[in-house]
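Have a look at the structure below, then the notes.
The values are calculated or read from the model by the stated rules, or taken from the named source; none is laboratory data. Note that the coordinates shown come from a computational prediction; the quantities given were computed from them, not determined experimentally. Glycine gets a Cβ as well: all are built from the backbone with ideal geometry, and neighbour counts include every protein chain shown. For the accessible areas, the whole protein counts, side chains as well, though only heavy atoms, and no ligand, DNA or RNA atoms are used. Shrake-Rupley method; radii C 1.70, N 1.55, O 1.52, S 1.80 Å.
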Amino acid sequence: MMRWWHSPASETQITHGQRLWLYILSALIMVWLVAPSIIVIPMSFSQSQYLEFPPREWSLRWYAHYFQSVEWMAATRTSLLAGVLTMLLATPIGVAAAYGLFVSRHPLARFMFILLVTPIIVPVILIAIGAFYIYVQIGLVNSLLGLVLAHTILALPLILVIVSAALKSYDLNQELAARGLGASRLTAFLTVTLPQIRFSIITSALLAFLTSFDEVIVAMFVSGGDNSTLTRNMFNALRDQIDPTIAAISTIMIVISSTLVILTQIFGKSKD
Amino acid sequence: MSAAGDTALNARLLQRDASVERWSLLGLASPAILVVMVVMVLPVGWLFYLSFLGDDGQFSLENYNRMIESKAYGRIFWTTFKVSVLTTLICILIGYPLAYFLAQLPSRMANICLLTVLLPFWTSLLVRTYAWLVLLQRKGLLNRWAMDIGLWDEPVKLVHNLNGTLIGMVHIMLPFLVLPLYGSMKAISEDYMKASSNLGAGPVQTFWHVFFPLSLPGLFAGALIVFVLCLGFFVTPAVLGGGRVIMVAMQITTNIELFFNWGAASALGVVLLILTLGILFAASRALRLDNILGGGHG
Amino acid sequence: MLESAGLPITISGVTKTYGAVYALDSFDLAIQQGEFLTLLGPSGSGKTTLLMALAGFLRPDSGSIKFADREIILTPPHKRDVGMVFQNYALFPHMTVAANVGYPLKLRKRPADEIAEKVEAALDTVQLGGYGARRIYQLSGGQRQRVALARAIVFGPRILLMDEPLSALDKQLRERMQIELRHLHERLGMTTVYVTHDQREALTMSDRIAVINHGRLMQLDTPRHIYDRPANRFVADFIGESTFLPLTRSGDEFQFAGTPLHLDQPPTGGGDYMLLVRPERLKVVDGPAPDLNIFAGEITELVFQGDTSLAYVRLAEGTVIAVRASTRAGEAVQDAKVGDRLSFGLSRADSVLVPAEDGEDGA
């Protein structure tokens, strides 16, 4: 321990002991970052009407409430469906765009890339009311299709950035080599490029799902009725009261997103 | 050799092939472009148009005039600005040491510690806001613990006000600052630090004279993202502000849901968008936008 | 079984511009059936552009490229049937060695047993028999190079293109691979176009060398002629070491510093010429040597380089020439000191004149 204390911590020979404050501060911040999620989980297993930590009596009551509620189940179905459909729509068109714009040397390509990543910059509220306004005109309000289209543009920037980064670190000469050896452009992409960027594509697809699944604001405006999303219903419930059912739903959502993030980490690491 | 005829012919065919290739590559992006045009560009353009219509449907600047004249609107913009600046500053103050700590860890440890940033980052914003609501409320965990250890005697109002909003927003925004900052710190070569030590600088001098300036672009990029995202924030202030912290995005919603006033909502939206793009544009002159967005070209 | 008769290549009027810059300027070149031709030039000369145009990865603005009688300039790369070895090999890291080599055969929908057989034969040819199951990352640089080569020849292309394939290897391995590539070419007989910026490599391997600069052909000839009889100053300068001495001309007689030169092949064209002096072609003379051109001067610097040494000699009229001498015991230069005066002779055959212009357009 003493040896660690006096041993150099960096190239500049500052010792661990001299930097202890940094370690303590960082640890506190990291705890603070994960604490809310960690605390909600046990609370959701409480028997009590009021949220307690730690719960005095454990029960699955709020989960039962959630799984038996027709409304919550319908909303969950909508959210999962929207997430999967967004993933299935955004991933192929995002990958195609990332590839086309990466390979193209046309001056327009730059401009198009910027256009495709702007949805991450434009305030979501603007996209939400804009989409709502247009959907009213063409009858897409409260439809699954409208929701999926709006979530798709929110997911596209992530896919473009992740896949472009993967293409950047990939040697496109391999595709030339494949074409020289007799592969058409499409075959070369499918047999040589795609297998090598597939982890980035899987990662961006998972994140596209999460983007849709977690999204609140657009869903508030363009989803509704039979097609209300889980987050929309949660948000409305939050404004009224603190319903412990939401703790149960939150726990489920935390588990889903943590699983997906850890998956993306694993895929990210197994690259090359 | 029939050179002249052949080459002239080939030049035309080669040009045709080149343009077919060019357009088909751009064509790969067209489905994505189409969706973005229909769901974002077109509607936002439409809102822009609406914002210049008065109640009578004629061209008018009344929606913008109201923003300038009304005290309420002035307060909303001031609140939005204040919350965004405070959130950004707090994120910098606690995000920089954290990123620095993470960047110095051996990679296996760093990956594990990074999960504490990544997991909240990808956990639903609504869930995290809800968690803070539960923790901070009057009879919530934090108040109970604080009273148990004697920090204060009466329950303190931690939520449904600016404090609660800031706690929640900093929690949600911190990863947006830490992740790019961590990336840029990792990219700083250790050779600079060795060189600085070798030239006679102590650890503190080396940090302030060499490491800190080199990490500034990453810090700037992260802070910019945080600030811009804060400007358009909605869910967290709505839930944790308890109606006392009204930001622009919330007023837009109110205008539509309560008053069906599309003109007023659009004008607010347009101002918000122009502020956002203006800040990004100004920043991109100082630092290339590519670095923030990840860029498309090698 | 991998042998194939090469195809002749006829390149005419190929032009490629990038903005105002000509990467290839109405380029003409006829490559003979089965020859080993090297495109040699500095970086940015257009040699790689030309190779990429042959492979089909780069679309020229205009011109014609024929493999035998077939016009292929509009043919996409995958229908050209040329083997290509890339500078960084471009092996597919997600496939085994065998899958890499078998890739072109698989695309041609050959039966599996034929693929296996041909892959093994190709790997044998590059002395990697039994390496099929390896992964690319398990191979050394030299082995990767061989896999890339096997993959390029396995489908029996009649043309093989190579883009600086040895540049990533260390010197010894590179020299061994040069000989091997040369033998392989002799065995397989395909027309080979080889790009390099390394003049020694070009001189070692080629049947003919095309020296390229600024998108134009500077000279096309055998290595021997390129070295001994460079057509212009650029070629003389780019290949080998050289000093140029200014000459005065009266009719067909050329003089250096007032002394007429003895020449084997006086140039017939008009204009100004310079004398090309290769350092290794000079030798020390003591007595009269009526058949040699004599240059006398004072040694200004001596550099020992192991196998040879270099002496820099300032001639009476002021030019400094380099002289390369063997380090064998007894060589006059070895005993000399800075400041000594020596005379050097250059034989008639080694006295080559090049046009004073550097071979560029109007320059």
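Which one is surrounded by the fewest Cβ atoms within 10 Å (Cβ to Cβ) among residues in the stretch A:90-115 that are under 13 Å from residue A:204 (Cβ atoms), at the interface with another protein chain (Cβ under 7 Å from one of its Cβ atoms) and among the hydrophobic types (A, V, I, L, M, F, W, C)? Within the stretch A:90-115, the match that is surrounded by the fewest Cβ atoms within 10 Å (Cβ to Cβ) is A:96.
Counting only residues that are touching a residue at least 24 places away in the same chain (Cβ under 8 Å) and either closer than 17 Å to residue C:80 by Cα or open to solvent by 10 Å² or more (accessible area, probe 1.4 Å) (or both), the stretch C:141-162 holds 14 of them.
The numbered conditions (1) surrounded by fewer than 15 Cβ atoms within 10 Å (Cβ to Cβ); (2) modelled with pLDDT of 90 or more are all true for residue C:167 except (2). Put simply, of C:288, C:266 the only residue that is open to solvent by less than 70 Å² (accessible area, probe 1.4 Å), farther than 22 Å from residue C:312 by Cβ and part of a loop (DSSP other than H, G, I, E, B) is C:266. The number of residues in the stretch C:62-96 that are at positive phi, open to solvent by less than 10 Å² (accessible area, probe 1.4 Å) and among the aliphatic types (A, V, I, L, M) comes to 1. One residue stands out in the stretch A:130-170 among those that are more than 22 Å from the chain's Cα centre (by Cα) and of a type in the set (A, V, I, L, M): the one that is surrounded by the most Cβ atoms within 10 Å (Cβ to Cβ), namely A:134.
Among the listed residues B:245, B:235, identify the single one that is within 9 Å of another protein chain (Cβ to nearest Cβ), touching a residue at least 60 places away in the same chain (Cβ under 8 Å) and surrounded by 14 or more Cβ atoms within 10 Å (Cβ to Cβ). Among B:245, B:235, only B:235 is within 9 Å of another protein chain (Cβ to nearest Cβ), touching a residue at least 60 places away in the same chain (Cβ under 8 Å) and surrounded by 14 or more Cβ atoms within 10 Å (Cβ to Cβ).
Residues are listed down the side, and each one gets a yes or a no for (1) open to solvent by 30 Å² or more (accessible area, probe 1.4 Å); (2) at pLDDT below 85:
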site: B:153; (1), (2): yes, yes
site: B:156; (1), (2): yes, yes
site: B:163; (1), (2): yes, no
site: B:169; (1), (2): no, no
site: B:178; (1), (2): no, no
site: B:185; (1), (2): no, no
site: B:206; (1), (2): no, no
site: B:212; (1), (2): yes, no
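Kindly establish whether residue B:23 is within 13 Å of another protein chain (Cβ to nearest Cβ), part of a helix (DSSP H, G or I) and without any contact (Cβ under 8 Å) to a residue 12 or more places away in the chain. Judged against the criteria, residue B:23 is a match. Only helices (runs of 4 or more DSSP H) whose full extent lies in the stretch A:169-272 are considered here, and the ones with at least 1 residues that are out of contact with any helix residue (DSSP H, G or I) (no Cβ under 9 Å at 6 or more places or on another chain), modelled with pLDDT of 90 or more and within 14 Å of chain C (Cβ to nearest Cβ) are A:173-180, A:185-188, A:194-214.
Go through the stretch A:90-122 residue by residue and tally those that are touching a residue at least 40 places away in the same chain (Cβ under 8 Å) and under 30 Å from residue B:256 (Cα atoms).
3
Of the residues that make up the stretch C:18-33, is at least one on the phi > 0 side of the Ramachandran plot, assigned by TED's automatic domain parsing to the domain that holds residue C:130, assigned to a strand (DSSP E or B) and open to solvent by 50 Å² or more (accessible area, probe 1.4 Å)? Within the stretch C:18-33, one or more residues are on the phi > 0 side of the Ramachandran plot, assigned by TED's automatic domain parsing to the domain that holds residue C:130, assigned to a strand (DSSP E or B) and open to solvent by 50 Å² or more (accessible area, probe 1.4 Å). Of the strands (runs of 3 or more DSSP E) contained entirely in the stretch C:316-363, those carrying at least 1 residues that are at pLDDT 90 or above and among the small types (Gly, Ala, Ser) fall at C:320-326, C:341-346.
Filtering the stretch A:172-194 to residues that are surrounded by fewer than 17 Cβ atoms within 10 Å (Cβ to Cβ) and either under 15 Å from residue C:102 (Cα atoms) or of a type in the set (Val, Ile, Thr) (or both) leaves only A:187. Taking every residue in the stretch C:276-296 that is more than 20 Å from residue C:236 (Cα to Cα) and pairing it with any residue that is exposed (fewer than 13 other Cβ atoms within 10 Å of the Cβ) and basic (Lys, Arg), at least 6 positions away or on another chain, the pairs with Cβ-Cβ distances below 8 Å are C:296/C:341. For the stretch A:55-70, a residue qualifies if it is open to solvent by less than 100 Å² (accessible area, probe 1.4 Å) and aromatic (Phe, Trp, Tyr), and the qualifying residues are A:62, A:63, A:66. Selection over the stretch A:123-138 of residues that are within 7 Å of chain B (Cβ to nearest Cβ) and free of Cβ contacts under 8 Å to residues at least 40 places away in the same chain gives a count of 5.
Any residue at all in the stretch B:82-96 that is hydrophobic (A, V, I, L, M, F, W, C), within 30 Å of residue B:110 (Cβ to Cβ) and without any contact (Cβ under 8 Å) to a residue 40 or more places away in the chain? Checked against the condition, which is being hydrophobic (A, V, I, L, M, F, W, C), within 30 Å of residue B:110 (Cβ to Cβ) and without any contact (Cβ under 8 Å) to a residue 40 or more places away in the chain, the stretch B:82-96 yields at least one hit. Within the stretch C:171-186, residues that are under 13 Å from residue C:143 (Cα atoms) sit with their Cβ atoms under 8 Å from residues that are part of a helix (DSSP H, G or I) and not charged (D, E, K, R), at 6+ positions apart or across chains, in these pairs: C:173/C:141; C:173/C:142; C:177/C:142; C:177/C:145. The residues of the stretch A:26-50 that are among the β-branched types (Val, Ile, Thr) and at the interface with another protein chain (Cβ under 7 Å from one of its Cβ atoms), listed by number, are A:29, A:34, A:39, A:40.
Residues in the stretch B:122-148 that are more than 8 Å from chain A (Cβ to nearest Cβ) and open to solvent by 40 Å² or more (accessible area, probe 1.4 Å): B:138, B:142, B:144, B:145, B:147, B:148.
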